[in-house]
Structure formats: structure tokens, C-alpha cells
1. Taking beta carbons within 10 Å but only from partner chains, what does the mean come to for residues B:51-58?
2. For chain B, give the magnitude of the charge dipole about the Cα centre (Cβ charges: +1 Lys/Arg, -1 Asp/Glu; no others), in debye to the nearest 20.
3. Which order do you get for A:Leu44, A:Leu18 if you rank them by accessible area with a 1.4 Å probe, largest at the top?
4. Select the chain B residue whose beta carbon lies nearest to the rotation axis carrying chain B onto chain A, and write the distance in whole Å.
5. Between A:Arg17 and B:Gln116, what is the FRET efficiency for a Förster distance of 35 Å, r being their Cβ-Cβ separation, to the nearest 0.05?
6. Averaged per residue, what accessible surface does the stretch A:1-135 expose to a 1.4 Å probe, in Å²?
7. Report, largest value first, the span of the C-alpha coordinates of the stretch B:14-124 along each principal axis, in whole Å.
8. When Rg is the radius of gyration of the Cα atoms in the stretch B:49-103 and Rh is its Kirkwood radius, what does Rg/Rh come to?
Number of protein chains: 2
Amino acid sequence: MYPDDGFRELGRQECLRLMTQVPVGRIVFTRRALPAVLPVNFCLDADGAVLLRTASASELVRAIDGAVVAFEADHVDAVRQAGWSVVVTGPATVVTDPAEHERLTRVGPVSWVPAQREVFVRVEPELVTGRELVGGRTLYGVNLAAADG
Amino acid sequence: MYPDDGFRELGRQECLRLMTQVPVGRIVFTRRALPAVLPVNFCLDADGAVLLRTASASELVRAIDGAVVAFEADHVDAVRQAGWSVVVTGPATVVTDPAEHERLTRVGPVSWVPAQREVFVRVEPELVTGRELVGGRTLYGVNLAAADG
């Protein structure tokens, strides 16, 4: 996506594998005509869809049900100036099938902020992209980026 | 913003203070009519504006210059099931003033992916919101959220 900037592009399977390493990602959507972003607990379904668990009465659910959203997860290593980032983009829908809802209460994401009435939201993995930054440029502890100014 | 979900809302100054603790945030924008998100190095200007440093020829710059964007930074503590998240929303503009550009090469953000020709982008802090999750519900190591199902 950004070929000249020092990152290594990641394939779909590698992206999905990396996502399983972190418990929280960020849902990116539109709210009141403005870009909006919120960290949420998630897990991946077998087909790579992103599964979110959230309070049914939340503004988040109203804003994203039926909309195309992006879901981002990453790992930042400040010491090594390295990391990776994955983005899943696709339509989001609330899970309404009772049997599927019951299945997800057992195997789906755990929320760190449980609510009385919860819903699961599924983000279809229509686009899965990712990239990795291997590590900053240093020599004998000197940050060459800063030296170049 | 989401009063019934167990989070503590943060004031503007607390939000800006927390942001200084992390070297990377995520710029949220629209690209080819889809929601887009990308981790980037940043720092805050004295007035709370978010300063990004990126390659001048990048698609990112073309997508955000003159647009309203959101910029998110957070800290996730998976062990304590706690964390915070801050979002700065406002118009983004490329810094074109030569004196200001020179000032930012000295005091602005360092990029982990330096490029030959770089620009600084400024996101005005028109909206600054944040929230903190103090910690998951546990008793004697049992995750009560999971027990409640």
C-alpha cells in the first residue's frame, strides 16, 4: 500500500495470525459525520471475521450496524522502534440469530466491560491488509534517523 | 460519551497528558471512500495539536491534507484488563511555512521510518475526548465477567 516507506507488506494469513496475539483492537467508523475510533475487545471467527462484543444499547452499535467499518489491531515496540499493524475492512452487522448468539457467548470474545444486554457484531473480512516495521535504524545506540535530521 | 458502560470520562488536560506517554498513535481518515487507519509517530504541540511526521509523497498526506481526521492514542493493559484511550478530532493540514517546518525538524516528532522528503501534518485539537477503564472485575483471580456469561 505504501511501497516506498520501509515497511514489509503482510499476507492475509499472516495478518490474521498476528491479530490473535492481542486482546483489543480499534473499530473505525463514522459518527455524526465525523471519523470515530474506539478500542474494543475482539476475537476472530474461523473465517477471519472480526467479532466484537458490546452493550446492545450503545451508540457504537447504532453507528456501525450495516455500515462498512475498519478494524485495526497492532503491536508497537517503542524500544526497538518496530511493530506491526493489521486492518480488516468490511461491512459490520449485529448477530441476530439466537443460536449463533448463544454459540458466541461460549466461544466469542470476552468483554472487559460486560453489560446486562450484549450483542455480538461481526465484521466481514473483505479486505485484510497489514504491514510490519522491522526496527528503527540505529548504530551503536545512535538513532540514525535523528542524526540525519 | 458512553455513560452506562463502566468507563471514566477524562478531561481535556488529562487526555493530553496521557497522550505524551506513548510514541505512536493512529490516524483515522477516509481513503477511496472507505474508513482507513494507520499507526504513526506523533508528538503534541504546546497547544495540544497533534503533530505527525511523514513522507511528503505518501498517499497518507494526499488523503488527509485539508480533511477532518481523528487521531487516537491508547494504552492497553491486558493483565489488568484496564487502559485508556484518547481521541483528538479536527482538521489536518500540512505545515508549509518554512520557518515552522524548520522548527519542527528540531522539536517535532521523530519518525521511525524517515524518508528523503518529509512533511509535518498538524491536527487541530478541536475535539479532545478520552476515557479510562480502571480494571476488569475479578475476585480471587476469577473473571466475574466470564462467570456471568
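The values are calculated or read from the model by the stated rules, or taken from the named source; none is laboratory data. Since this is a predicted model, take the numbers as computed values, not measurements. Cβ placement follows ideal geometry from the backbone for every residue including glycine, while neighbour counts extend to all protein chains displayed. For the accessible areas, the whole protein counts, side chains as well, though only heavy atoms, and no ligand, DNA or RNA atoms are used. Shrake-Rupley method; radii C 1.70, N 1.55, O 1.52, S 1.80 Å.
1. Whole-number average of other-chain Cβ neighbours for B:51-58 is 2.
2. On the way: 15 positive and 19 negative charges, 72 e Å.
Roughly 340 debye, rounded to the nearest 20.
3. On the way: A:Leu44 40, A:Leu18 15 Å².
Result of the area sort, largest leading: A:Leu44, A:Leu18.
4. Of all Cβ atoms in chain B, the one nearest the axis gives B:Val28, 3.
5. Details: r = 33 Å, r/R0 = 0.95.
After rounding, the FRET efficiency stands at 0.55.
6. Accessible area per residue: 46 Å².
7. Rounded to whole Å, the extents work out to 45, 34, 24 Å.
8. Values: Rg = 15.0 Å, Rh = 13.4 Å.
That ratio equals 1.12.
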